[in-house]
Amino acid sequence: MASEEHEIQKEIQVALSQHKCSVFRTNVGKVQTIDHRWFDTGLPQGFPDLMGFRWVDNQIFFIEVKSKTGKPRPDQLRFHEFLASHGVIHGIARSVSEARQIVDGAIVGYGYDDFGG
């Protein structure tokens, strides 16, 4: 499942980058280094998979990538609520087409309605 999301994520990154946007992949969580120390990425739990901005107006956006059946975790729902409270463009994308819809339409919270968001 994760590899399917990763493939969708790469497709969205490429497509939006070719669509006059800058897009960055974010990594959230902790990993153990080779010398057994823990490293924290520094981003808050629930931070979306992709963030970027539109070149036309420099509006920032966030995309949470999910497979066809993927559901947001509670921490992702909390982050959605935070973004929505500030009117920030963001949503759940399961395809390039949905990601472009979120970004082009400046949609706040696309795809979260089905999950209580």
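The values are calculated or read from the model by the stated rules, or taken from the named source; none is laboratory data. From a predicted model like this one, the values you see are computed outputs, not experimental measurements. Ideal geometry is used to build each Cβ from the backbone, glycine not excepted, and the neighbour counts take in all protein chains shown.
With respect to residue 54, determine if the residue is more than 10 Å from the chain's Cα centre (by Cα) and either among the basic types (Lys, Arg) or under 13 Å from residue 104 (Cα atoms) (or both). Answer is yes for this residue. Pairs are defined by a Cβ separation below 8 Å, a sequence spacing of at least 6 or placement on different chains, a first member in segment 3-20 that is over 14 Å from residue 48 (Cα atoms) and basic (Lys, Arg), and a second member that is exposed (fewer than 15 other Cβ atoms within 10 Å of the Cβ) and at pLDDT 95 or above; the pairs so defined are 20/55; 20/56.
So which residues in segment 22-68 are closer than 18 Å to residue 10 by Cα and out of contact with any strand residue (DSSP E or B) (no Cβ under 7 Å at 6 or more places or on another chain), if there are any at all? Across segment 22-68, the qualifying residues are 27, 28, 47, 67, 68.
Looking only at segment 1-24, residues that are over 17 Å from residue 70 (Cβ atoms) and either more than 15 Å from the chain's Cα centre (by Cα) or charged (D, E, K, R) (or both) come to 3 in all.
Quick grid of which residues meet (1) touching a helix residue (DSSP H, G or I) at 6+ places or on another chain (Cβ under 8 Å); (2) exposed (fewer than 12 other Cβ atoms within 10 Å of the Cβ):
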residue	(1), (2)
6	no, no
11	yes, no
42	no, yes
60	no, no
77	yes, no
81	no, no
84	no, no
92	yes, no
108	yes, no
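With respect to being among the β-branched types (Val, Ile, Thr), farther than 25 Å from residue 7 by Cβ and more than 11 Å from the chain's Cα centre (by Cα), residue 88 fits the description.
Here's a check for you: in segment 2-56, which residue that is in a helix (DSSP H, G or I) and of a type in the set (S, T, N, Q) is farthest from residue 91 (Cα to Cα)?
Looking only at segment 2-56, we keep the residues that are in a helix (DSSP H, G or I), and these are 2-17.
Narrowing the set further to residues that are of a type in the set (S, T, N, Q) leaves 3, 9, 13, 17.
Working: 3: 20, 9: 13, 13: 15, 17: 17 Å.
Top of the filtered list is 3.
Residues in segment 65-75 that are crowded, with 16+ Cβ neighbours inside 10 Å and among the basic types (Lys, Arg): 66 alone. Just one of (1) on the phi > 0 side of the Ramachandran plot; (2) not in a loop (DSSP other than H, G, I, E, B) fails for residue 99. It is (1).
Do we find that residue 56 is modelled with pLDDT of 95 or more, β-branched (Val, Ile, Thr) and touching a helix residue (DSSP H, G or I) at 6+ places or on another chain (Cβ under 8 Å) in this structure?
Working: modelled with pLDDT of 95 or more: yes; β-branched (Val, Ile, Thr): yes; touching a helix residue (DSSP H, G or I) at 6+ places or on another chain (Cβ under 8 Å): no.
Against the criterion (modelled with pLDDT of 95 or more, β-branched (Val, Ile, Thr) and touching a helix residue (DSSP H, G or I) at 6+ places or on another chain (Cβ under 8 Å)), residue 56 does not qualify.
Every condition in (1) touching a helix residue (DSSP H, G or I) at 6+ places or on another chain (Cβ under 8 Å); (2) outside any loop (DSSP other than H, G, I, E, B); (3) of a type outside the set (S, T, N, Q) holds for residue 70 except the one numbered (2).
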